[in-house]
1. Can you name the residue in the stretch B:73-111 that is assigned to a helix (DSSP H, G or I) and aromatic (Phe, Trp, Tyr) and, of all such residues, is farthest from the other protein chains (Cβ to nearest Cβ)?
2. Could you please find all residues in the stretch B:143-167 being basic (Lys, Arg) and facing chain A (nearest Cβ under 8 Å)?
3. For the stretch A:174-194, give me the residue count where each residue is within 18 Å of B:Ala157 (Cα to Cα) and either at the interface with chain B (Cβ under 9 Å from one of its Cβ atoms) or among the charged types (D, E, K, R) (or both).
4. Consider A:Lys203 carefully, then state whether it is within 14 Å of chain B (Cβ to nearest Cβ) and at pLDDT 95 or above.
5. If I filter the stretch A:212-225 for residues that are polar (S, T, N, Q), without any contact (Cβ under 8 Å) to a residue 40 or more places away in the chain and more than 15 Å from A:Arg285 (Cα to Cα), do I get at least one hit?
6. State all residues of the stretch A:174-209 that are surrounded by fewer than 17 Cβ atoms within 10 Å (Cβ to Cβ) and out of contact with any strand residue (DSSP E or B) (no Cβ under 6 Å at 6 or more places or on another chain); if no residue qualifies, say none.
7. Among B:Ala70, B:Ala26, B:Ala39, which is the only one that is farther than 30 Å from A:Ala165 by Cα, surrounded by fewer than 15 Cβ atoms within 10 Å (Cβ to Cβ) and touching a residue at least 12 places away in the same chain (Cβ under 8 Å)?
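The values are calculated or read from the model by the stated rules, or taken from the named source; none is laboratory data. Please read all numbers here as calculations on a predicted model, not as lab measurements. All Cβ positions, even for glycine, are placed from backbone atoms using ideal geometry, and neighbour counts span all protein chains on display.
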2 protein chains.
Amino acid sequence: MTTAAHETGARRVLVTGATGFIGRHALTPLRNLGFEVHATARSVPEDSPAEIHWHAVDLFAPDAVDALLAIIRPTHLLHFAWYAEHGKFWESPYNLDWLGASVTLLRAFAESGGKRFVGAGTCAEYDWTEAGSAAAYRFDEDRTPLRPTTLYGAAKASTFLTGSAYARNTGLSFAWGRVFHLFGPGEAPARIVPALARAHALKERLECGPETQTRDFLPAFAVGEAFAHLCASEAQGPVNIGSGRERTLGELSTAIASLAGTQGDIRFGVLPGSGPERLVPLVRRLTAETGWIPPVDPDAGLREMLPKILF
Amino acid sequence: MTTAAHETGARRVLVTGATGFIGRHALTPLRNLGFEVHATARSVPEDSPAEIHWHAVDLFAPDAVDALLAIIRPTHLLHFAWYAEHGKFWESPYNLDWLGASVTLLRAFAESGGKRFVGAGTCAEYDWTEAGSAAAYRFDEDRTPLRPTTLYGAAKASTFLTGSAYARNTGLSFAWGRVFHLFGPGEAPARIVPALARAHALKERLECGPETQTRDFLPAFAVGEAFAHLCASEAQGPVNIGSGRERTLGELSTAIASLAGTQGDIRFGVLPGSGPERLVPLVRRLTAETGWIPPVDPDAGLREMLPKILF
């Protein structure tokens with residue numbers, strides 16, 4: 001955390017999707033970075049962090065968005081809002097609606113005098129077939145082609161491509177955080193980290209994909225914090241969001257079992273793998289250009305999450 | 001031309017942008033391929049080919065589009081409409097509007113029971129830096145990454161990415177013709193073919209970029225015909241639109257001078273080049289999967305166009 005941002009003058013950020021899986025974790029870090037924080041949601045939450053200004057707005061109503069921008073006049077826009085229901089978001093036609101609403105929001109923000117837009121992208125924008133091409137392959141913002149194979153990945157890549165080109169023309173500062181793997185409170189029980197946590201804690205059986213697949217898992221609070229730092233920085237273009245630590249799903253399972261103190265019956269290799277053998281980002285840009293530092297203890301997030309999953 | 005399409009039952013195509021630079025040349029070929037042809041324009045032209053059903057519609061009015069689709073119930077949609085004003089279309093914010101309208105149109109078409117969508121893309125969707133990587137490089141639908149550097153290219157690539165993913169989910173047949181270089185009646189005088197034609201015919205001086213740059217130029221009527229065949233075919237995904245013939249701008253100039261019978265004062269190398277040294281497509285998919293055959297005489301289009309440019 002730094003207080004240097006205070007010295008740069010009044011910075012007002014509008015956060016969309018601020019009650020979401022990542023968004024909720026960006027609000028306090030943004031405050032700590034010196035922002036006046038305005039947050040949108042369909043309904044205002046009861047357990048908001050202190051000093052957050054909430055606004056109920058329908059992002060599919062351009063007139064309401066224009067009115068909100070005119071009132072707040074945000075200098076920064078951190079856009080998380082998107083359709084994200086587990087198991088359905090990959091191929092839902094709602095992705096078309098969110099592409100349209102996101103581009104419309106970006107344009108309204110620029111026309112209202114906004115200075116910097118930061119959006120939430122995904123590793124599913126990249127060409128995953130590239131990952132097999134080198135032993136130490138990491139997804140690279142500058143070199144890995146975009147070749148999404150899902151509607152979600154396509155709509156996010158489209159928002160990035162069109163949004164970044166529009167921003168360049170209008171002088172808007174633009175960054176796009178590509179989220180890799182994460183876990184946290186409120187996560188669907190079927191996802192890998194909650195499923196492993198439950199299986200180990202309750203000594204249950206769990207069928208999994210290959211234990212050799214590697215991922216870079218961050219706790220959701222660290223992802224929110226990374227986005228807050230990205231927003232406060234001057235970094236431009238796509239920025240991978242990750243810790244830089246790679247581990248196999250087998251190692252992840254072992255770490256969870258160690259924290260739980262009990263051991264489930266984990267059957268790796270029973271299910272087909274989801275995604276490439278290695279799906280881990282280069283995070284040079286994130287760490288060099290935003291000042292964000294990954295959690296020192298790679299298991300701190302798991303330790304914090306375990307009780308929230310189980311009770 | 002073939003009449004086999006008649007045997008496959010009633011095929012009704014709705015053509016958007018049907019008065020445009022390419023669209024106007026697709027209508028008669030579609031008739032000849034057995035389609036019942038419906039065409040949209042902001043206003044109905046006076047010199048329409050025979051047996052074309054015209055509809056004045058605002059493609060930014062979703063209710064009007066839905067009503068039109070409900071009346072026509074097209075099996076095929078050939079979507080040319082886009083903002084295309086010379087010199088302005090590359091970076092105009094209208095590209096955002098057309099991305100939104102195109103995705104909305106595609107979805108409305110699918111939901112109305114449409115079977116096949118064909119859109120007009122651009123070589124500006126591709127990564128142009130790839131063109132320098134091999135001596136015989138041609139842009140390849142399957143292998144060349146998408147990396148647009150203009151807002152126009154980004155919005156077209158976005159329509160392709162999101163549209164093709166949505167189509168796959170809904171069982172809609174989807175093809176995307178990527179237009180390379182073309183010339184034809186109604187073209188802006190500052191573009192290379194009209195400028196060379198005028199300079200040679202009037203023995204005027206013209207300053208140009210490098211004469212070694214290679215392109216694959218098609219007359220607009222051939223591009224319209226290629227799109228009609230693409231629409232009538234079953235080809236899926238991106239399909240480059242080109243003749244397969246590559247020539248330098250110097251060779252193009254020589255061909256035009258030969259047709260004009262007079263010689264202008266063409267100063268190659270005075271202006272910087274626009275685009276990569278070689279910007280030519282692989283056209284295997286177009287020629288193998290649609291039955292379209294490029295013009296036998298590479299200069300027939302130039303010969304036809306010369307009088308139209310000058311008088």
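1. Per the stated criteria, the residue is B:Phe109.
2. Within the stretch B:143-167, B:Arg147 is the sole residue that qualifies.
3. 0
4. No.
5. No.
6. A:Pro185, A:Gly186, A:Ala188, A:Pro189, A:Ala190, A:Arg191, A:Leu202, A:Lys203, A:Glu204, A:Gly209
7. Details: B:Ala26 fails: surrounded by fewer than 15 Cβ atoms within 10 Å (Cβ to Cβ); B:Ala39 fails: surrounded by fewer than 15 Cβ atoms within 10 Å (Cβ to Cβ).
Exactly one of B:Ala70, B:Ala26, B:Ala39 is farther than 30 Å from A:Ala165 by Cα, surrounded by fewer than 15 Cβ atoms within 10 Å (Cβ to Cβ) and touching a residue at least 12 places away in the same chain (Cβ under 8 Å), namely B:Ala70.
Let's see how each residue does on (1) in contact with a Pro (Cβ under 8 Å, 6 or more places away or on another chain); (2) over 19 Å from B:Ile72 (Cα atoms):
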position	(1), (2)
B:Val103	no, yes
B:Arg107	yes, no
B:Ala110	no, no
B:Arg116	no, no
B:Ala120	no, yes
B:Phe139	yes, yes
B:Arg143	no, yes
B:Leu151	yes, yes
B:Lys156	yes, yes
